[in-house]
Structures are given as structure tokens and as C-alpha cells.
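*Asks:* Below you'll find the structure I mean.
The values are calculated or read from the model by the stated rules, or taken from the named source; none is laboratory data. Since the model is a prediction, treat every value here as computed from it, not as a measurement. Cβ atoms come from the backbone with ideal geometry, glycine included; neighbour counts cover every protein chain shown.
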Amino acid sequence: MNAAVFAFTERGKATARRIGALLEEAGDAVLYRAPEKLAGDGFEGYHGTLPDEVGALFHRDALIFVGACGIAVRAVAPHVASKLSDPAVLCADERGRFVISLLSGHIGGANRLANRLGAALGAIPVVTTATDVNGRFSVDAWAAERGMRIGSMALAKRVSAEILTREIPFCADRADPGIALPDGLVWGEKGELGICVSVRNRKPFRDTLLLTPRALCVGLGCRRGTPQAAVEAAIRAVFDRCDLSLEAVAEAASIDVKADEPGLIACCEAHGWPLRFYSAQELAKVEGDFSKSEFVQNTVGVDNVCERAAAASGGTLIARKTALNGVTVAVAERKWGIEFGEDTSGGHRPGRL
């Protein structure tokens, strides 16, 4: 995590250093900021207004203000955009008695961070979101902690509202129906509103909040000079046929002789997928039952590229080699499952702090 800690008095600086030290012990990167007259002792002074300084740092994961809540609110107000992108914003008093979650409590992790800092400082964490106050399951916090894509923030908001008064049905591709669900959830695949965790485009409920784990690896091969559009079309054809979600892709992979293919690279960059390249020797060592091509063997030194590349990260093939317009595509699914911590409402859970 990348954090910035702000202080506005000498006493505030002492508390800010305690907070920063706790974060740094957990491996987080911390910037220390204070008004120019208080610069020094590890704090960099800012010259303009506090909102301007905050704006330059709003891309960080967390902003922590040691001082009055009003200072923090006025500083972040011009920059607040969306709960999907806003950082965690917290406020602590100068003496470190309270740690308050102000913004992005669930997806940004401010509630979780407030609880962790409170436990470490001996302070009282202040969390006001309804699901947390009532001890109910926080779907957006749970999904964000596990790197899942939330299919609809409108439905996530509706789930958070309705879970306060009733149980919401929950299902998943890979789950043991014998495990206990947190308060607010019940196993099921029928109903008007429900949660589904899947790498596929499943909609078992009339209004399905789909949570997508990033668990797929796309293995790719192509002829020299294949354009981006052809690569994109081949991938989409496979995903459409298998009803897989592109949001479930964790990475793409190919053989190292394709490391300079512009179309391959551009397609993966457009989706934000990491693209990993393996040598022929590395691909040949991947265990599994793969399609074999003598032509591919003679050309690049291994009998199959796309299937072996897809499975190289430890996944199991769920879509075997498909060839389309000079592009070969295969998909592997990494092992994943459903688990719930001891507190799925966004409260304190064992973690880094």
C-alpha cells in the first residue's frame, strides 16, 4: 500500500510518525506531509494549499490526516470522484485516541485500516457504514479485498441495503456448500436478488450481482505480424463460445519468440492484462495433455504454444486450442475458492498490521 500521512502541529507529527511506523513495518510506503513551517524530522513541507497538495497525492491507496475531521473533509472534497477509485481516507486525533474512517470504507479499505490502526495504537476505531454497524456482510469490501470485479455498483448498493433486513442468496462456481456463511447470506440459486461468484457470465437470479475472480490465464500464439484486431477477435470468439468473462483474466501468456509482436502486445495492453513470455524449454516442461503440432514443433521448438502457455501458471485447461485467422487461443483456470475471514462485515481481521 502507498499512503500519505498529514500532520498540522508538533503533537500531530508525533502521532503521525507512530501511524507511519506501523504502516512501514507492514511493508507499506509512506509519505509524510506538513505545512512548510513544520517541515523537518521526515516531514516534507507543502507550499500551496492543502487541497492542492492532496490532489497531487489522491492517486495513492490511503490518505491519513492527523487533526480535525473538518480539515480532512475540506482537503479531499474537491477530488472525490467515485467509491471505485477514491482512496481510503482516515482521520486521527492528535493524541491518537480515535481513528475515523471517512471515505471509501469498503472498496478502498478505510474501515479495515481504521480497525487495524486502532488495534495497533490502542485507539478506538470509528466506522459508521450500516453493514458494519449492524454486523452484516459487506459485499463490496469482501470482493475488493479479494481482487474481484464487482459487476454492478448499483446492485452492490442494493444488496447492502436489503441485507440489513433479510438474507441474500449466495452461490459460487467453486464453493463448499457446507461452509458457514456470514450474517446476511444464505446458500441458494433462486430469487429476485442474489450474489454469484463466477468466472463465467452467470445470472442465476433475476438481478444477479456478479463478482468475478481474476483466475483465468489466456494462452496465445499467432502468425508473424498478426494485427491487434485479429487477436482480439479470436479471444472474444473463445470467451463467447465458452461463456467466460473477460473480466476474469488475470494474465496472458505466450512463447518468448512472440515478445515483439505488436498486435499481441497491444491487445493485452488494451485490456490491462500482464503478458508473460516463456521459452520453448519452459513450455515443454509444463505437465498436462496438450494438442501436438509437428509444424509448431519445427518452427518454435515446442509442440504447442497456446495450451502450454495457458497452463504454465498452474491452471487447468478449460478451453483447448482454437485457431482463428492466424491466432491460437487456449484458456486455463487457476485454483480458487470461497473463504470468509472471521469478520466479513469490514471489521478487524488478522492482517498485516
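*Asks:* Would you check if Gly70 is farther than 18 Å from Leu113 by Cα and either charged (D, E, K, R) or in a helix (DSSP H, G or I) (or both)?
*Replies:* The answer is yes for Gly70.
*Asks:* Testing Pro204 on (1) surrounded by 14 or more Cβ atoms within 10 Å (Cβ to Cβ); (2) assigned to a loop (DSSP other than H, G, I, E, B); (3) out of contact with any Asp or Glu (no Cβ under 7 Å at 6 or more places or on another chain); (4) at pLDDT 90 or above, one condition comes back false. Which one is that?
*Replies:* (3)
*Asks:* Name the residues in the range 131-151 that are closer than 10 Å to Leu211 by Cβ and either surrounded by fewer than 18 Cβ atoms within 10 Å (Cβ to Cβ) or of a type outside the set (A, V, I, L, M) (or both), would you?
*Replies:* Hits for the range 131-151 are Asp140, Trp142, Arg146, Arg149, Gly151.
*Asks:* Within the range 245-252, can one find any residue that is surrounded by 23 or more Cβ atoms within 10 Å (Cβ to Cβ), farther than 29 Å from Leu155 by Cα and of a type outside the set (Asp, Glu)?
*Replies:* yes
*Asks:* If the requirement is being within 17 Å of Arg214 (Cβ to Cβ), assigned by TED's automatic domain parsing to the domain that holds Leu220 and of a type in the set (S, T, N, Q), which of these qualifies: Ser313, Ser279?
*Replies:* When all the criteria are applied, what remains is Ser313.
*Asks:* Could you tell me whether Gly105 is modelled with pLDDT under 95, of a type in the set (Gly, Ala, Ser), over 29 Å from Glu145 (Cα atoms) and assigned by TED's automatic domain parsing to the domain that holds Gly122?
*Replies:* no
*Asks:* Which residues, counting only those in the range 114-134, are under 23 Å from Ala161 (Cα atoms) and assigned to a helix (DSSP H, G or I)?
*Replies:* Hits for the range 114-134 are Ala114, Asn115, Ala130, Thr131, Asp132, Val133.
*Asks:* Quick check, is Leu211 within 30 Å of Val327 (Cα to Cα) and not β-branched (Val, Ile, Thr)?
*Replies:* yes
*Asks:* What is the residue count in the range 251-282 for residues that are without any contact (Cβ under 8 Å) to a residue 12 or more places away in the chain, under 24 Å from the mean Cα position of the chain (by Cα) and not in a helix (DSSP H, G or I)?
*Replies:* Of the residues in that region, 1 qualify.
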